[in-house]
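*Asks:* Submitted below is the structure of interest, expressed as structure tokens.
The values are calculated or read from the model by the stated rules, or taken from the named source; none is laboratory data. If you're wondering where the values come from, they're calculated on a predicted model, not measured in any experiment. No Cβ is skipped: glycine too gets one built from the backbone with ideal geometry, and neighbour counts run over all protein chains shown.
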Amino acid sequence: MRYLKRIMIIVCLLFIVCYGLLVLTLGYPVVLNISSNVQHSTITYIKGQTISPLNSFDFNSDEWTAYLLISNDDYKSIKGDLIGSKLVTKEISVLNLLKKECAFTYTDGDLSTVTSSFVLYRNGNKVFETGIVIEKSMQGFQSQEYGWITAKHNLINAFNRFDKIKSPMIVLK
């Protein structure tokens, strides 16, 4: 019995140490994205064209969940402006506001390193995912479909209506 207690204590301590290392590396809460990639359209865009990637979604029907997952490094540069680094919303009014604010200019370019992401789920299925940059001087989406597109509106205002994720771990399927 005494031997079993020691094993349990060691296992618990190992779990705490491993989780602590994950938090230090990935930030809090820990996000595990095990979902498959979303299929992208093959639309051709023209430089300077306005793109509204969320316009095809009807947030007034079905169950929607949106995640904003800002990396530790990105969050350091906007810490005072954004309410948190891991945010979520299911609010229809917030999603519709975001849809309205998500107008971008096609640049015909790419950013080399985008470590934060914005993910949308409809009825538990991932339907949209893009890299995102939110800084005071630069905001936009980066994806395979359209490369780097710059935001026409300040996205921080819409994302500040999201809720902080309080769970210690998020698993995106």
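*Asks:* When you check SER137 against the structure, is it among the hydroxyl-bearing types (Ser, Thr, Tyr) and not in a strand (DSSP E or B), yes or no?
*Replies:* Values: among the hydroxyl-bearing types (Ser, Thr, Tyr): yes; not in a strand (DSSP E or B): yes.
Against the criterion (among the hydroxyl-bearing types (Ser, Thr, Tyr) and not in a strand (DSSP E or B)), SER137 qualifies.
*Asks:* Just a yes or no: is a residue in the range 62-78 under 21 Å from HIS153 (Cβ atoms) and either without any contact (Cβ under 8 Å) to a residue 24 or more places away in the chain or touching a Cys at 6+ places or on another chain (Cβ under 9 Å) (or both)? Write out each step before concluding.
*Replies:* So in the range 62-78, the residues under 21 Å from HIS153 (Cβ atoms) come out as 64, 66-70, 74-75, 77-78.
Narrowing further to those that are either without any contact (Cβ under 8 Å) to a residue 24 or more places away in the chain or touching a Cys at 6+ places or on another chain (Cβ under 9 Å) (or both): none.
The answer is no, given that none of the residues of the range 62-78 is under 21 Å from HIS153 (Cβ atoms) and either without any contact (Cβ under 8 Å) to a residue 24 or more places away in the chain or touching a Cys at 6+ places or on another chain (Cβ under 9 Å) (or both).
*Asks:* Taking VAL23, is it within 27 Å of LYS152 (Cα to Cα), among the β-branched types (Val, Ile, Thr) and at pLDDT below 80?
*Replies:* Details: within 27 Å of LYS152 (Cα to Cα): no; among the β-branched types (Val, Ile, Thr): yes; at pLDDT below 80: yes.
Here the answer is no, as VAL23 does not meet what is asked.
*Asks:* For the list (1) farther than 20 Å from ASP81 by Cα; (2) buried (at least 19 other Cβ atoms within 10 Å of the Cβ); (3) among the β-branched types (Val, Ile, Thr), I need the number of the one condition that VAL133 fails.
*Replies:* In the conditions (1) farther than 20 Å from ASP81 by Cα; (2) buried (at least 19 other Cβ atoms within 10 Å of the Cβ); (3) among the β-branched types (Val, Ile, Thr), VAL133 misses (1) alone.
*Asks:* A follow-up question, please. Anything in the range 152-168 that is among the small types (Gly, Ala, Ser) and either touching a strand residue (DSSP E or B) at 6+ places or on another chain (Cβ under 6 Å) or closer than 24 Å to ALA103 by Cα (or both)? List them, or say none.
*Replies:* So the first thing to find is which residues in the range 152-168 are among the small types (Gly, Ala, Ser), and the list is 158, 167.
The one that is among the small types (Gly, Ala, Ser) and either touching a strand residue (DSSP E or B) at 6+ places or on another chain (Cβ under 6 Å) or closer than 24 Å to ALA103 by Cα (or both): ALA158.
*Asks:* Going through the range 50-80 one residue at a time, which ones are assigned to a loop (DSSP other than H, G, I, E, B) and surrounded by 15 or more Cβ atoms within 10 Å (Cβ to Cβ)? Break it down into steps so the answer makes sense when it comes.
*Replies:* Initially, the range 50-80 is screened for residues assigned to a loop (DSSP other than H, G, I, E, B), giving 52-63, 70-71, 79-80.
Selection gives PRO53, LEU54, PHE57, PHE59, ILE70, SER71.
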